[in-house]
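Visitor: Below is a structure I'd like to ask you about.
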Amino acid sequence: MSRIQLRFQQLASAGRKALIPYITGGDPSPEYTVGYLHALVEAGADIIELGMPFSDPMADGPVIQLACERSLAAGTSLQKVLAMVAEFRQQNNDTPVVLMGYLNPVEAMGYETFADRCVEVGIDGVLLVDLPPEEADLVAPIMQARGLDMVFLVAPTTTEARIEKIAAAGSGYLYYVSLKGVTGSASLNTEEVSARLDIIRKHTQLPIGVGFGIKDAASAGAVAKVADGVVVGSALVQRIADNAAQPEKVAEQLKSVLASMRQAMDSH
């Protein structure tokens with residue numbers, strides 16, 4: 001059983017939902033990321049999605065696009081992001097970490113080299129935004145053979161037939177993109193999300209995390225009523241941007257945002 005599966009099992013037994021924060025590795029500078037990861041765990045993170053910075057993050061809105069720019073300008077590479085996880089694992093061997101990003105840097109490193117390094121540093125899963133299951137024949141077997149969960153996206157427009165294919169290909173959890181648009185989009189209709197999750201659950205036993213549009217404690221609490229996990233990214237990354245000139249203050253900002261979401265989720 002993977003760390004991701006174990007965590008969801010533990011949460012289900014406790015009647016709680018997973019809080020899954022995202023930050024971009026190396027934003028605003030590589031030396032701060034590990035401290036931020038520990039801060040997220042202290043504030044209640046159950047699983048962490050760590051972004052691999054990329055020069056053309058097509059699914060992301062301006063907040064995460066700018067985070068990638070800051071990270072790359074500071075000299076962050078995929079190798080450095082992997083090293084961050086290795087350092088994080090020196091103190092935390094329990095919290096699952098999912099690398100999230102785009103295929104290009106992984107392909108440049110080499111799929112097997114990347115997968116081997118993921119296992120070595122303690123990565124639990126990989127979510128490649130621009131790699132749909134239909135095109136994952138080369139990549140997925142390499143990851144899965146090493147015990148890495150492949151997390152795939154489901155969109156509001158995804159047909160039931162395709163949901164079934166995605167569910168069969170994925171492991172760990174499914175990531176439901178709650179809005180049509182890019183990360184950081186504005187409005188979230190919980191009733192619509194709930195209806196879509198009911199459809200998805202007809203085709204899978206995997207937990208479902210919901211991301212895009214989780215802005216604050218209220219939206220996190222509302223989504224926690226209907227989903228297995230709540231994914232929050234832009235709201236956290238914006239705090240990093242707002243304090244980029246004083247990165248040593250970011251950890252407390254992240255903890256404040258995330259702790260309020262954790263409290264709202266648990267109260268439901």
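Visitor: Which members of the stretch 39-86 meet the condition of being within 22 Å of Val119 (Cβ to Cβ) and assigned to a helix (DSSP H, G or I)?
Guide: Val41, Leu78, Gln79, Lys80, Val81, Leu82, Ala83, Met84, Val85, Ala86, listed by residue number.
Visitor: Before we move on, is Met100 surrounded by 18 or more Cβ atoms within 10 Å (Cβ to Cβ) and not in a strand (DSSP E or B)?
Guide: Taking the combined requirement at face value, the residue does not satisfy it.
Visitor: Can you say whether Asp94 is under 18 Å from the mean Cα position of the chain (by Cα), surrounded by fewer than 18 Cβ atoms within 10 Å (Cβ to Cβ) and either more than 23 Å from Ala45 (Cα to Cα) or of a type in the set (Ser, Thr, Tyr) (or both), as far as the supplied structure shows?
Guide: Spelling it out, it is not the case that Asp94 is under 18 Å from the mean Cα position of the chain (by Cα), surrounded by fewer than 18 Cβ atoms within 10 Å (Cβ to Cβ) and either more than 23 Å from Ala45 (Cα to Cα) or of a type in the set (Ser, Thr, Tyr) (or both).
Visitor: Pick out the one residue from Ile64, Ile47 that is buried (at least 21 other Cβ atoms within 10 Å of the Cβ), touching a Ser or Thr at 6+ places or on another chain (Cβ under 8 Å), within 26 Å of Tyr176 (Cβ to Cβ) and at pLDDT 95 or above.
Guide: Ile47
Visitor: Taking Cys118 and the conditions (1) surrounded by fewer than 21 Cβ atoms within 10 Å (Cβ to Cβ); (2) among the hydrophobic types (A, V, I, L, M, F, W, C); (3) part of a helix (DSSP H, G or I), which numbered condition does it fall short on, given that it satisfies the others?
Guide: Among (1) surrounded by fewer than 21 Cβ atoms within 10 Å (Cβ to Cβ); (2) among the hydrophobic types (A, V, I, L, M, F, W, C); (3) part of a helix (DSSP H, G or I), Cys118 violates only (1).
Visitor: Go through the stretch 222-256 residue by residue and tally those that are assigned to a loop (DSSP other than H, G, I, E, B), surrounded by fewer than 17 Cβ atoms within 10 Å (Cβ to Cβ) and either without any contact (Cβ under 8 Å) to a residue 12 or more places away in the chain or within 19 Å of the chain's Cα centre (by Cα) (or both).
Guide: 2
Visitor: What's the number of the only condition in (1) part of a helix (DSSP H, G or I); (2) under 17 Å from Ile48 (Cβ atoms); (3) among the small types (Gly, Ala, Ser) that Gly209 fails to meet?
Guide: (1)
Visitor: Kindly establish whether Asp124 is acidic (Asp, Glu) and either closer than 27 Å to Ala155 by Cβ or touching a Lys or Arg at 6+ places or on another chain (Cβ under 7 Å) (or both).
Guide: It is true that Asp124 is acidic (Asp, Glu) and either closer than 27 Å to Ala155 by Cβ or touching a Lys or Arg at 6+ places or on another chain (Cβ under 7 Å) (or both).
Visitor: Here is a follow-up. Answer yes or no as to whether Lys215 is surrounded by fewer than 15 Cβ atoms within 10 Å (Cβ to Cβ) and farther than 26 Å from Met143 by Cα.
Guide: Criteria not met by Lys215.
Visitor: Still on this structure: Look through the stretch 87-101, keep the residues that are of a type in the set (S, T, N, Q) and in contact (Cβ under 8 Å) with a residue 40 or more places away in the chain, and return whichever of them is nearest to Leu19 (Cα to Cα).
Guide: The residue in question is Thr95.
Visitor: Can you tell me how many residues in the stretch 130-147 are under 23 Å from Thr95 (Cα atoms) and touching a residue at least 60 places away in the same chain (Cβ under 8 Å)?
Guide: Result for the stretch 130-147: 1.
Visitor: Within the group Thr157, Thr113, which residue is among the β-branched types (Val, Ile, Thr), modelled with pLDDT under 95 and not in a strand (DSSP E or B)?
Guide: Criteria check complete, one pass: Thr157.
Visitor: Then there is this: What pairs come out if I take residues in the stretch 153-167 that are in contact (Cβ under 8 Å) with a residue 12 or more places away in the chain and over 13 Å from Glu134 (Cβ atoms) and pair them with residues that are hydroxyl-bearing (Ser, Thr, Tyr) and buried (at least 16 other Cβ atoms within 10 Å of the Cβ) whose C-beta lies under 6 Å away, six or more apart or interchain?
Guide: Pairs that qualify, where the first residue is in contact (Cβ under 8 Å) with a residue 12 or more places away in the chain and over 13 Å from Glu134 (Cβ atoms) and the partner is hydroxyl-bearing (Ser, Thr, Tyr) and buried (at least 16 other Cβ atoms within 10 Å of the Cβ), are Val154/Tyr176; Ala167/Thr204.
The values are calculated or read from the model by the stated rules, or taken from the named source; none is laboratory data. This is a predicted model, so every value here is computed, not measured. Cβ atoms come from the backbone with ideal geometry, glycine included; neighbour counts cover every protein chain shown.
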